[in-house]
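Novice: Quick one: the structure is below, and I'll ask about it shortly.
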Amino acid sequence: MFFWQILLNSLVIGTQVLLLAVPLYLVYSVSKIYHLGLGATAAATAYALYFGLTNDWPLGLSIGLAVIVALAVAGISYWLLEPFARQKNSLYGLLTSFALGLGLEALLAIMFGTDGKFLIRQVLPTFQWGDLYITQPGAWTIIVGVALTVLAVALVQKTPWGRTLRSVAENSFVASSLRINSSLVRLVVLMGASLLAGFVGIMTSLNTALTPQIGFNLVLMAFVALLVGGVSSLKGTVMAAYIVSLVPELLVGLSSGFWDMSANWKMLLVFIIATILLIWRPNGLLTKAQRAVD
């Protein structure tokens, strides 16, 4: 029973990572930039909701403020990253995104402090089956996360919008010749990615204390999942998100005796597992290596 409880808790964390890995994949697909600032976007959106609730705003108005903040950060991200996307300068785009994330976290720390805040002050409501239990925010994270991921996979692979996204990803110049506005596609993707990141930030904050760095570890794990799964494979990214989340959680949670491991081991285990998988499948879990043609 202890194993199943740890697995259930790990599924919540895995879905949180997944909900950042999917937008990372989408942004990279259309811009070739790893948008690590999404972690700070998650935190900023959660703090916007916290600000509204602590000032006794109606729930709808507080959620509206959170949405506005997420979209505003998306706009800033677009303004900063679009020049690098057009120049295909992935390195500077990555560094700029990372700097944006650090700047947002510092701004949140200045405005709200670094101590933990709580969106819900009372005991978290839970669902329980026998000896197993899960918080309601955790359950909704899994349900909505899986549903949104299935929707994202379907949109990318089965719809005209997905074909547009793939055409921009493969060759933006050819896409332009087909009257596809690549810049507009990147803006729309950034807006959707920021809203997804904001959802992750809020749901994570409902389960634990809200701090300016709440999205940092999640976006790092999502970045690792993207690399392990393969930057050209959304299904591989989904699989990798759960692997790099569940395995360390289970190893730490089930360790005991001489091999007892604290929570400090989790990130180390993430990178050890990622290294092994990248050596085994350097092109991604579900991506086949292609022979170069002279």
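The values are calculated or read from the model by the stated rules, or taken from the named source; none is laboratory data. The model shown is predicted, which means the values in this text are computed figures rather than measured ones. Don't worry about glycine lacking a Cβ; one is built from the backbone with ideal geometry, like all the others, and counts go over all protein chains shown.
Novice: Working only within region 252-272, note down all residues that are without any contact (Cβ under 8 Å) to a residue 40 or more places away in the chain and either surrounded by 17 or more Cβ atoms within 10 Å (Cβ to Cβ) or of a type in the set (D, E) (or both).
Specialist: V252, D260, K266, L269 - these are the residues of region 252-272 that are without any contact (Cβ under 8 Å) to a residue 40 or more places away in the chain and either surrounded by 17 or more Cβ atoms within 10 Å (Cβ to Cβ) or of a type in the set (D, E) (or both).
Novice: Same structure, new question: Here are G198, G236: which of them is over 28 Å from A46 (Cβ atoms), touching a helix residue (DSSP H, G or I) at 6+ places or on another chain (Cβ under 8 Å) and at pLDDT 85 or above?
Specialist: The match here is G236.
Novice: Let me ask another. Kindly check whether there is at least one residue in region 207-223 that is in contact with a Leu (Cβ under 7 Å, 6 or more places away or on another chain), in a helix (DSSP H, G or I) and not hydrophobic (A, V, I, L, M, F, W, C).
Specialist: Looking through region 207-223, none of the residues is in contact with a Leu (Cβ under 7 Å, 6 or more places away or on another chain), in a helix (DSSP H, G or I) and not hydrophobic (A, V, I, L, M, F, W, C).
Novice: Another one. Quick one: which residue in L102, L71 is more than 27 Å from K235 (Cα to Cα) and in contact (Cβ under 8 Å) with a residue 40 or more places away in the chain?
Specialist: L102
Novice: Step by step: first the residues of region 116-142, then only those that are of a type in the set (V, I, T) and touching a helix residue (DSSP H, G or I) at 6+ places or on another chain (Cβ under 9 Å), then the one that is farthest from L7 (Cα to Cα). Which residue is that?
Specialist: I120
Novice: Identify, please: which residue in region 149-165 is of a type outside the set (S, T, Y), modelled with pLDDT under 80 and crowded, with 16+ Cβ neighbours inside 10 Å and is, among those, nearest to the chain's Cα centre (by Cα)?
Specialist: V156
Novice: What number goes with the only condition from (1) surrounded by 19 or more Cβ atoms within 10 Å (Cβ to Cβ); (2) within 30 Å of G130 (Cα to Cα) that L8 does not pass?
Specialist: Unmet condition: (1).
Novice: List every residue pair whose Cβ atoms sit under 6 Å apart, with the two residues 6 or more apart in sequence or on different chains, where the first one lies in region 23-36 and is closer than 13 Å to L234 by Cβ and the second, anywhere, is of a type in the set (S, T, N, Q).
Specialist: Short answer, once both residue conditions are applied: Y25/T237.
Novice: How do the helices (runs of 4 or more DSSP H) wholly within region 15-134 filter down when requiring 1 or more residues that are touching a strand residue (DSSP E or B) at 6+ places or on another chain (Cβ under 9 Å) and buried (at least 18 other Cβ atoms within 10 Å of the Cβ): which remain?
Specialist: Here the list reads 38-54.
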